[in-house]
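Notes to accompany the following structure.
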Amino acid sequence: MQMQLYPHQIEALNALKGGKHFMIANMGSGKGACLLHWLRSTDKKKWLIVSTSSKRDSGDFEKECDEWFGTEYRKSLSSFLVLSWAGLRGSKKNPNWFNEHVDEIDEWAIAFDEVANCKAGISSSQGTQFLKITSHTGCWTGYTATPAENWLDYYPYFTACGFVRNKTEFQRRFCIMQTFRGFPEIVAYKNEETLRDWWERISFAPDTSELEKSLPPEVHKQVHFKKPVGYDKVDRTGYDLDGNFIETNSGMRHYLRRLCASKQKMDWIKDFVEGLQESCVIFYNYIEEGDQLKTMLDKMKSVGKVWKIDGKTHDIPTKDTLGKKDVVLAQWVSGSTAINLQFINYWVSCTPHDSFSVSLQARGRIQRIGANKPKFFYYLKCDDTEEDNIYGNLSQKKDFSTRAWVIKRKEEGKYLPE
């Protein structure tokens with residue numbers, strides 16, 4: 001059967017071909033197909049796709065290109081290169097892509113998948129390389145579901161499109177600053193009408209409502225647990241369970257969050273997986289949490305393979321390699337973007353992530369174009385703990401940070417290390 005773009009994809013592709021630089025669409029809405037069709041529309045024979053390392057290693061772009069245009073078309077290109085955002089800057093073994101190709105950059109069509117990786121701008125290597133490339137060519141596009149969390153995150157996009165020269169100019173024109181504990185910080189924005197107008201001029205968000213109606217139904221359930229033993233003592237005194245003083249607010253907050261990866265949750269996951277007659281994916285925060293989950297699941301005879309996706313391991317299943325009773329363990333940041341798990345129907349958040357965009361991206365791993373069965377989402381929460389604040393903010397589509405935690409504790413008159 002011949003493959004065809006959905007109406008919202010055609011609409012987005014026409015906008016990109018017409019000069020828009022960014023496609024903003026929900027996870028699983030087919031941004032990859034638009035990316036490939038835009039690359040082909042440029043008539044360039046050299047293609048560079050910048051994505052996550054997992055997407056680079058999976059070969060998904062090559063496979064999808066062959067499905068749309070045929071293997072012979074891809075072979076006819078001079079270059080079909082997929083680099084990770086981290087790999088874009090180069091290494092001892094591989095040269096920096098921009099430095100290597102700057103003299104012939106006009107020969108390339110460049111697509112930035114998960115373009116939100118550049119939102120830190122010059123404060124990150126990813127943002128720096130993005131700005132170098134876009135300052136030397138206009139033949140590029142970016143794709144993401146969650147472009148930014150505040151206006152400052154947009155400054156690399158505006159710089160790439162020529163609206164501001166750099167971060168300093170952006171802050172001078174649009175940020176209201178104040179000093180907090182000796183450091184300047186943004187407390188509000190001004191001239192937001194200009195920013196909204198700029199963003200509308202360079203981005204396009206297709207209407208995906210019809211697509212979303214066609215996706216299988218979702219069931220969301222929060223599973224409640226008692227406060228972990230010892231949590232109140234740590235929360236009150238600032239000493240960990242081994243009697244060591246926790247010296248910073250950040251350290252104390254993360255220690256409290258680690259306590260929430262409790263034995264109660266592990267027992268629930270064990271029973272849940274035991275009774276499940278198909279595969280599932282479990283998202284978690286901390287390395288020791290992932291190790292604990294893997295050790296427990298590896299001992300269960302009823303579980304097939306335990307796949308692990310984190311900063312070091314990219315053991316990513318496909319529809320053909322995933323077993324019936326397999327479990328995928330995914331650390332939030334490593335497993336929340338550019339991975340297609342639409343063949344999995346059960347999703348579990350063992351401990352929540354602070355970022356709404358990361359959480360949203362993670363859910364989008366299983367709810368995508370092509371999914372045809374109901375999707376079940378479980379959120380494990382220890383009541384009367386730090387997880388109340390995190391889930392509360394996420395439900396309002398907001399992030400929760402250490403600074404927000406400090407402010408909230410001050411308001412409540414609770415203990416702070418600093």
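The values are calculated or read from the model by the stated rules, or taken from the named source; none is laboratory data. Small disclaimer: the values here were computed from a predicted structure and weren't measured. Methodologically, a virtual Cβ is constructed for each residue, glycine included, from the backbone with ideal geometry; neighbour enumeration extends over all protein chains shown. Heavy atoms of the whole protein, side chains included, go into the accessibility calculation; ligands, DNA and RNA do not. Shrake-Rupley method; radii C 1.70, N 1.55, O 1.52, S 1.80 Å.
Being farther than 23 Å from Val187 by Cβ and touching a Cys at 6+ places or on another chain (Cβ under 9 Å) is true for just one of Ile133, Ile110. Which residue is that? Please lay out each step first, then the result.
Details: Ile133 fails: touching a Cys at 6+ places or on another chain (Cβ under 9 Å).
None of the other options fit; the residue is Ile110.
Within the range 25-57, which residues are under 20 Å from Gly370 (Cβ atoms) and open to solvent by 10 Å² or more (accessible area, probe 1.4 Å)? Quick ask: steps written out before the conclusion?
Quick first cut of the range 25-57, residues under 20 Å from Gly370 (Cβ atoms) only: 25-37, 51-52, 54-55.
Passing the criteria: Asn26, Met27, Gly30, Lys31, Gly32, His37, Thr52, Lys55.
Considering only residues of the range 156-187 that are crowded, with 18+ Cβ neighbours inside 10 Å and aromatic (Phe, Trp, Tyr), which is farthest from Thr128 (Cα to Cα)?
Checking each candidate, the answer is Phe174.
Pick from the range 268-293 the residues that are among the polar types (S, T, N, Q) and touching a residue at least 40 places away in the same chain (Cβ under 8 Å): which of them is least open to solvent (accessible area, probe 1.4 Å)?
Step by step, filter the range 268-293, then rank; the result is Ser279.
Looking at the range 1-70, what helices (runs of 4 or more DSSP H) fall wholly within it and have at least 1 residues that are acidic (Asp, Glu)?
Of the helices (runs of 4 or more DSSP H) lying wholly inside the range 1-70, those with at least 1 residues that are acidic (Asp, Glu) span 7-17, 53-58, 60-69.
Quick check on the range 320-336: of everything there that is among the small types (Gly, Ala, Ser) and open to solvent by less than 10 Å² (accessible area, probe 1.4 Å), which residue is farthest from Val306 (Cα to Cα)?
Taking the range 320-336 first, the residues among the small types (Gly, Ala, Ser) are 323, 330, 334-336.
Now drop any that are not open to solvent by less than 10 Å² (accessible area, probe 1.4 Å), which leaves 330, 335-336.
On the way: Ala330: 11, Gly335: 14, Ser336: 18 Å.
That would be Ser336.
Give the residues of the range 386-409 that are under 12 Å from Ser359 (Cα atoms) and assigned to a helix (DSSP H, G or I), sorted by residue number.
Hits for the range 386-409 are Ile390, Tyr391, Asn393, Leu394, Ser395.
Filter the range 74-97 down to the residues that are hydroxyl-bearing (Ser, Thr, Tyr) and in a strand (DSSP E or B), then identify the one that is most open to solvent (accessible area, probe 1.4 Å).
Within the range 74-97, the match that is most open to solvent (accessible area, probe 1.4 Å) is Ser79.
Condition first: surrounded by 15 or more Cβ atoms within 10 Å (Cβ to Cβ), within 20 Å of Ala371 (Cβ to Cβ) and of a type in the set (Lys, Arg). Can you find one or more residues in the range 6-24 that meet it?
Within the range 6-24, not a single residue is surrounded by 15 or more Cβ atoms within 10 Å (Cβ to Cβ), within 20 Å of Ala371 (Cβ to Cβ) and of a type in the set (Lys, Arg).
Quick one: Met296 ticks every box in (1) among the hydrophobic types (A, V, I, L, M, F, W, C); (2) open to solvent by 20 Å² or more (accessible area, probe 1.4 Å); (3) touching a residue at least 60 places away in the same chain (Cβ under 8 Å) bar one, so which box is it?
Of the numbered conditions (1) among the hydrophobic types (A, V, I, L, M, F, W, C); (2) open to solvent by 20 Å² or more (accessible area, probe 1.4 Å); (3) touching a residue at least 60 places away in the same chain (Cβ under 8 Å), the odd one out for Met296 is (3).
Go through Val306, Val348 for me and flag whichever is open to solvent by less than 20 Å² (accessible area, probe 1.4 Å), closer than 27 Å to Gly30 by Cβ and in contact (Cβ under 8 Å) with a residue 12 or more places away in the chain.
Values: Val306 fails: closer than 27 Å to Gly30 by Cβ.
Within the list Val306, Val348, the selection yields Val348.
I'm trying to understand the selection: among the residues of the range 325-341, which are at pLDDT 90 or above and either assigned to a helix (DSSP H, G or I) or not hydrophobic (A, V, I, L, M, F, W, C) (or both)?
Listed by number, the residues that qualify are Lys325, Asp326, Gln331, Trp332.
So which residues in the range 155-180 are in contact with an Asp or Glu (Cβ under 9 Å, 6 or more places away or on another chain) and either among the polar types (S, T, N, Q) or modelled with pLDDT under 95 (or both), if there are any at all?
Those that are in contact with an Asp or Glu (Cβ under 9 Å, 6 or more places away or on another chain) and either among the polar types (S, T, N, Q) or modelled with pLDDT under 95 (or both): Thr159, Met177, Gln178, Thr179.
So Lys381 clears everything in (1) in contact with a Pro (Cβ under 8 Å, 6 or more places away or on another chain); (2) part of a loop (DSSP other than H, G, I, E, B); (3) surrounded by fewer than 21 Cβ atoms within 10 Å (Cβ to Cβ) except one condition, right? Which one?
Only one criterion in (1) in contact with a Pro (Cβ under 8 Å, 6 or more places away or on another chain); (2) part of a loop (DSSP other than H, G, I, E, B); (3) surrounded by fewer than 21 Cβ atoms within 10 Å (Cβ to Cβ) is unmet by Lys381, namely (2).
Could you look through the range 234-255, keep only residues that are under 30 Å from the mean Cα position of the chain (by Cα) and open to solvent by 40 Å² or more (accessible area, probe 1.4 Å), and pick out the one that is nearest to Lys408 (Cα to Cα)?
Here the answer is Ser250.
Search the range 386-418 for residues being among the small types (Gly, Ala, Ser) and open to solvent by 40 Å² or more (accessible area, probe 1.4 Å), and hand back the single one that is nearest to Gly251 (Cα to Cα).
Taking the range 386-418 as the starting set, the residues that turn out to be among the small types (Gly, Ala, Ser) are 392, 395, 401, 404, 413.
Right, trim to open to solvent by 40 Å² or more (accessible area, probe 1.4 Å) and you get 395, 401, 413.
Details: Ser395: 25, Ser401: 13, Gly413: 19 Å.
By that ranking, first place goes to Ser401.
Among the residues of the range 274-293, is any of a type in the set (Val, Ile, Thr) and touching a helix residue (DSSP H, G or I) at 6+ places or on another chain (Cβ under 6 Å)?
No, every residue in the range 274-293 fails to be of a type in the set (Val, Ile, Thr) and touching a helix residue (DSSP H, G or I) at 6+ places or on another chain (Cβ under 6 Å).
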